[in-house]
Amino acid sequence: NSVYQERQECYAFNGTQRFVDGLIYNREDYVHFDSAVGEFLAVMELGRPTGEYLNSQKDFMERRRAEVDKMCRHKYELMEPPLRQRR
């Protein structure tokens, strides 16, 4: 039995947001999209063909590059006021 999973994470540091979308096969991250780089990066050799294929899909990659706004920015805007109050 094979298990495919996806893990999406948002990071914020010094006013910048970063979105990482990892594709996982049997508990091992094999390729991930990093908004700081703007493309899919192979984590292991198994991920190289998948990353190359996804990076070649122009419309898909445009949408993926916009994910940092869609997935992350609203979360940090909601959290920003409480974080400022703690300081």
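One residue is enough: does the stretch 38-61 have a residue meeting the conditions of a type outside the set (Phe, Trp, Tyr), under 9 Å from the mean Cα position of the chain (by Cα) and surrounded by fewer than 17 Cβ atoms within 10 Å (Cβ to Cβ)?
no
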Notebook entry, point to check: Do you know which residues across the stretch 1-60 are among the basic types (Lys, Arg) and in contact (Cβ under 8 Å) with a residue 40 or more places away in the chain?
Noted result: Arg18
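Restricted to the stretch 1-34, and to residues that are of a type outside the set (D, E, K, R) and open to solvent by less than 30 Å² (accessible area, probe 1.4 Å), which residue is modelled with the lowest pLDDT?
Among those residues, the one meeting the criterion is Phe19.
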Next item on the list: Could you figure out which of (1) of a type in the set (D, E, K, R); (2) under 21 Å from Glu6 (Cβ atoms); (3) at pLDDT below 90 isn't true of Asp59?
Entry: (3)
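The values are calculated or read from the model by the stated rules, or taken from the named source; none is laboratory data. Source: prediction; values computed, not measured. So basically every Cβ, Gly included, is an ideal-geometry build from the backbone, and we count neighbours across all protein chains shown. Ligands, DNA and RNA are stripped out before the accessible areas are found, and what is left, the full protein with its side chains, is counted by its heavy atoms. Shrake-Rupley method; radii C 1.70, N 1.55, O 1.52, S 1.80 Å.
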